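Take this structure, written in structure tokens, and hold onto it; I'll ask about it next.
The values are calculated or read from the model by the stated rules, or taken from the named source; none is laboratory data. The structure displayed is predicted, hence computed values, not measured ones. Here the Cβ positions follow ideal geometry from the backbone for every residue, glycine too, while neighbour counts run over all protein chains shown. Ligands, DNA and RNA are stripped out before the accessible areas are found, and what is left, the full protein with its side chains, is counted by its heavy atoms. Shrake-Rupley method; radii C 1.70, N 1.55, O 1.52, S 1.80 Å.
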Amino acid sequence: MLVELETENFHFSRDDSVLHPEIMEGHAHLYVNDDQEARIYANTYNLGHLEEGTHQIKVVLVSHDHQTLVKGGRKFLLKKLLKCLKKGAAPPFH
């Protein structure tokens, strides 16, 4: 399953030395059923196959020090429930 992240005014980066105050930088934390699956440093990530059943996918944008990014009092995160009817079958996530 391919996870595609579309962001505005956010730059995916591994390097915390290149800071742009007008654009938020960092990476994303990807969770499957509340377990951290990966750190994402680009706008796409191949999650691989999911077992049959319902899975909660959560993506959180974080700063280089792993703090959840907040703007206007709102956290930058997305949660979605996916139902896999058979092993590896899941709709695209975006």
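Are any of the residues in segment 60-76 without any contact (Cβ under 8 Å) to a residue 24 or more places away in the chain, under 10 Å from the mean Cα position of the chain (by Cα), outside any loop (DSSP other than H, G, I, E, B) and over 19 Å from Leu2 (Cβ atoms)?
Scanning segment 60-76, I find no residue that is without any contact (Cβ under 8 Å) to a residue 24 or more places away in the chain, under 10 Å from the mean Cα position of the chain (by Cα), outside any loop (DSSP other than H, G, I, E, B) and over 19 Å from Leu2 (Cβ atoms), so the answer is no.
Here is a list of conditions, (1) among the small types (Gly, Ala, Ser); (2) modelled with pLDDT of 90 or more; (3) exposed (fewer than 11 other Cβ atoms within 10 Å of the Cβ), and Gly72 meets all of them except one; can you say which number that is?
Checking Gly72 against (1) among the small types (Gly, Ala, Ser); (2) modelled with pLDDT of 90 or more; (3) exposed (fewer than 11 other Cβ atoms within 10 Å of the Cβ), the one that fails is (2).
Hey, another quick one. Cβ-Cβ distance below 6 Å, separation of 6 or more or different chains: which pairs start in segment 40-52 with a residue that is within 20 Å of Phe12 (Cβ to Cβ) and end on one that is open to solvent by 20 Å² or more (accessible area, probe 1.4 Å)?
Tyr41/Phe12; Tyr41/Arg14; Ala42/Phe12; Asn43/Leu5; Thr44/Glu4; Asn46/Leu2; Leu47/Met1
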